[in-house]
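Every number here is computed from the coordinates shown, using simple stated rules; none is lab data. What you are looking at is a predicted structure, and each value in this text was computed from that prediction instead of being measured. Cβ sites come from the backbone with ideal geometry, for glycine too, and all protein chains shown count toward neighbours.
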Amino acid sequence: MYKVKEMFYTLQGEGAQAGRPAVFCRFTGCNLWSGRERDRAKSVCDFCDTDFIGTDGQNGAKFSTALELADKIASFWPTPQLGRSVEGVPYVVFTGGEPALQLDEALTSALKQRNFEIAIETNGTKQLPAGIDWICVSPKADAEVIIECGQELKLVYPQSLAMPQRFEQLNFEHFYLQPMAQDNANHTKATIEYCMAHPRWKLSLQTHKITGID
């Protein structure tokens, strides 16, 4: 059983793939915060601004099998019009909450059969199934990161227990800092200053919020 909070077709808003058309599939649940405000202060991740409780979001639902969910994801991708093929590889981004709690090899295999390129946005604390093409790890506080290689490390900044130097030796192609949403103006300024002083890191902005894209 897969539990999906929301699912929709949009443009990726963050990081190295920003601007790319994608189907977003947000799973319910997280291992670092319950999603309930009463638990926030005592959670490992206490700054999350995402609603990942339940299946009541846009196109949210429960799916009994991997094939059922894969078909639903594929239904959002643009279909050929008037005999013309659609440019670009179908692309799906799994996010959460923590998508590694639900994403499994049955689902990645079903999506590969439908020619999808698969991305995940994970906190890096859980093992990942085979078949993922783009791994984006976003460490949270002092949680142990066990996924030490991938395409993108995207760190919300600043976090007193997860400062950039802690992750610089990991094997990622891209290193991004993204300003924490709270007190955004000051955090954006601090993030820019850090990237300027430490040029291995690049600035990631939530362009979907800036442009008003869902």
Exercise for the section: Would you mind telling me the antiparallel percentage of the DSSP bridges in the chain, rounded to 5? Expected result: 30 percent
Handout entry: Residues listed by number, region 86-130, amide nitrogen under 14 Å from residue 79 label point at 7 Å toward C-beta
Key = 86
Fill in the blank from the handout: So residue 148 and residue 186, fully extended at 0.36 nm per residue minus their Cα-Cα distance, gain in nm 10.7 nm
Practice task
Just tell me which lysines come within less than 22 Å, Cα to Cα, of residue 5; anything on the same chain fewer than 8 places away is out.
Solution key: 62, 72, 126, 140, 209
Practice task
Report, as a whole number in µm² per second, the diffusion coefficient that Stokes-Einstein gives for region 1-54 at 37 °C and 0.692 mPa s using the Kirkwood radius over alpha carbon pairs.
Solution key: 257 µm²/s
Completion exercise
Computed, not fitted: 222 nm per-residue ellipticity of the chain from DSSP H runs ≥ 4 (each -39500 (n - 2.57)), nearest 500, equal to -5000 deg cm²/dmol
Handout entry: Long-range tail of P(r) for the chain (Cα pairs > 21 Å, %)
Key = 55 percent
Problem - Exposure proxy ranking, count of Cβ atoms within 10 Å, fewest first, for 4, 44, 92 - result: 44, 4, 92
Exercise for the section: Would you tally the net charge around residue 93, using a Cβ to Cβ cut-off of less than 13 Å, leaving residue 93 out, and scoring K and R as +1, D and E as -1? Expected result: -3
Problem - Paramagnetic reach from residue 44 in region 1-30 [backbone N under 18 Å; point 7 Å along Cα→Cβ] - result: 27-30
Exercise for the section: Among the GluC sites (Glu not before Pro) in region 133-214, which ones are in a DSSP loop with at most 14 other Cβ atoms within 10 Å of the Cβ? Mind listing them? Expected result: 144, 148, 168
Practice task
Report the calculated FRET efficiency for residue 127 and residue 196 (r = Cβ-Cβ distance, R0 = 35 Å), to the nearest 0.05.
Solution key: 0.45
Problem - Separation in nanometres of the label points that stand 7 Å from Cα toward Cβ, at residue 205 and residue 104 - result: 4.2 nm
